[in-house]
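Report on one structure; see the data block that follows.
The values are calculated or read from the model by the stated rules, or taken from the named source; none is laboratory data. Computed from a prediction, not measured in an experiment: that's the story for all the values here. Using ideal geometry, Cβ is built from the backbone for each residue, glycine included, and neighbour counts are taken over all protein chains shown. Heavy atoms of the whole protein, side chains included, go into the accessibility calculation; ligands, DNA and RNA do not. Shrake-Rupley method; radii C 1.70, N 1.55, O 1.52, S 1.80 Å.
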Amino acid sequence: MLGIVLVQPEIPGNTGAVGRTCVALGAELILIHPLGFQISDARVKRSGLDYWPHVRLAEFESWDAFVAARRPRPDQLFLFEEHGGTSFYEPHYPEDALLVFGRET
C-alpha cells in the first residue's frame, strides 16, 4: 500500500489536507514526531473534513523508530525536496512506495 510520510510536520492544516488525500488514494498517513501540533487539534480535523476518521494513521516517535519498525527497502523510499535534481514525474513508483516529506520550514 502507498504511504505518505510526514517528518515532523508543523502546520496542522497541511497534515489534515494530506490525510484527506490519503483517504482518496487509499494510502496510509505516517507521522514522524515531534509534531508541531497535537493530533487532536481541531485545525487538523477541520482540514481533513469528514474524512479524518477514515485516515489510516501510523505514528512513530522518530525517523529511527520508523525505520526500525517498518524496515523500508531503499527502492521503496522517495524523499521529496523543493530543489531536488529529479522531477517527481520521472521515477517508477512501486505500489508500496513511501513518499517522504520533511517539515514545512
Does at least one position in the stretch 22-36 carry a residue that is crowded, with 17+ Cβ neighbours inside 10 Å, over 11 Å from the mean Cα position of the chain (by Cα) and closer than 19 Å to Glu104 by Cα?
yes
Which one is nearest to the chain's Cα centre (by Cα) among residues in the stretch 53-76 that are open to solvent by 50 Å² or more (accessible area, probe 1.4 Å) and among the hydrophobic types (A, V, I, L, M, F, W, C)?
Leu57
When the residues of the stretch 2-14 are narrowed to those that are β-branched (Val, Ile, Thr) and under 8 Å from the mean Cα position of the chain (by Cα), which ends up most open to solvent (accessible area, probe 1.4 Å)?
Val7
Which fully enclosed strands (runs of 3 or more DSSP E) of the stretch 11-105 have 3 or more residues being at pLDDT 95 or above, over 15 Å from Met1 (Cα atoms) and out of contact with any helix residue (DSSP H, G or I) (no Cβ under 6 Å at 6 or more places or on another chain)?
none
